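A.B. asks: This is the structure I have questions about; it appears just below.
The values are calculated or read from the model by the stated rules, or taken from the named source; none is laboratory data. These figures come from a predicted structure and were not determined experimentally. Note: ideal-geometry Cβ built from the backbone for every residue, glycine included; neighbour counts use all protein chains shown. For accessibility, only protein heavy atoms count, side chains too; no ligands or nucleic acids. Shrake-Rupley method; radii C 1.70, N 1.55, O 1.52, S 1.80 Å.
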Amino acid sequence: EIFTGVPKIFITNDQRELEGLDLGNTFTGIFGKIEFSPTLDLILEQFPATKRVVVITGSSIQDASYLDQATRDFAAYSDRVEIVYLSGLSIPDLQRAVSSVPPDNVCLFISYGRDPAGNGYSIPGAISMLIPSAGVPMYALADSAMGTGVVGGNMLSFELMGSRAGELGLRILS
């Protein structure tokens, strides 16, 4: 085992990713919590006439995990709004799809870590390629999406998580 007994710090976007792992006593870290339902609640509050929410995810393992969680969370809304999932499509295919979304719909960008060809994307990078094609509001789940044209969402702050991890590292070193 490498670095036995050395303190290790991690950052995870979602505490659920660590379920079932035995990290031992030398690991500590910062947990984010990605919550899907509060953003859907916000969408329905701000756009009560919404007929359909178009959920966008990519092809990475993490994208699939988020899609699975969102599908479970959004099942409770089946009597209020239709949920359509655009998952595992290329950026050009997503651009075509969001360009034809009707005006009584809203898009929710969850994640797009990889396209079907395995190319990696940042959240702002992927959203910036989709926003010009979307004729409806688009929401997101991370604050790194701000400035791309999204209108909001219950957003996880990667910057805050990084700062907290840095503070944790300084405490360990002192």
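A.B. asks: Could you list, in sequence order, all residues of the range 1-56 that are of a type in the set (A, V, I, L, M, F, W, C) and over 20 Å from the mean Cα position of the chain (by Cα)?
C.D. replies: Once the filter is applied, which keeps residues that are of a type in the set (A, V, I, L, M, F, W, C) and over 20 Å from the mean Cα position of the chain (by Cα), the range 1-56 yields I2, F3, V6, I9, L21, L23, F27, F47, A49.
A.B. asks: Does L141 fit the bill of being farther than 30 Å from P7 by Cα, modelled with pLDDT under 95 and either of a type in the set (K, R) or in contact with a strand residue (DSSP E or B) (Cβ under 7 Å, 6 or more places away or on another chain) (or both)?
C.D. replies: yes
A.B. asks: Could you check G113 against (1) touching a strand residue (DSSP E or B) at 6+ places or on another chain (Cβ under 6 Å); (2) surrounded by 18 or more Cβ atoms within 10 Å (Cβ to Cβ) and say which number it fails?
C.D. replies: (1)
A.B. asks: Kindly list, by first and then second residue, each pair from a residue in the range 52-66 that is in contact (Cβ under 8 Å) with a residue 12 or more places away in the chain to a residue that is open to solvent by 10 Å² or more (accessible area, probe 1.4 Å) and aromatic (F, W, Y), limited to pairs with Cβ atoms under 9 Å and residues at least 6 apart or on different chains.
C.D. replies: V53/Y77; V54/Y85; V55/Y85; I56/Y85; T57/Y66; T57/Y85; G58/Y121
A.B. asks: Oh, and also: Consider only pairs whose beta carbons are under 7 Å apart and that are at least six residues apart or on different chains; among these, list those whose first residue lies in the range 71-82 and is free of Cβ contacts under 8 Å to residues at least 60 places away in the same chain and under 12 Å from P38 (Cα atoms) and whose second residue is polar (S, T, N, Q) and not in a strand (DSSP E or B).
C.D. replies: Taking only residues 6 or more apart or on different chains, the pairs are D73/S37.
A.B. asks: Out of (1) open to solvent by 40 Å² or more (accessible area, probe 1.4 Å); (2) part of a loop (DSSP other than H, G, I, E, B); (3) at negative phi, the odd one out for P124 is which?
C.D. replies: (2)
Matching residues to (1) in contact with a Cys (Cβ under 6 Å, 6 or more places away or on another chain); (2) outside any helix (DSSP H, G or I); (3) at pLDDT 90 or above; (4) open to solvent by less than 60 Å² (accessible area, probe 1.4 Å):
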| position | (1), (2), (3), (4) |
| --- | --- |
| I131 | no, no, yes, yes |
| G135 | no, yes, yes, no |
| G149 | no, yes, yes, yes |
| G162 | no, no, no, yes |
| A165 | no, no, no, yes |
| G169 | no, no, no, yes |
| I172 | no, no, no, no |
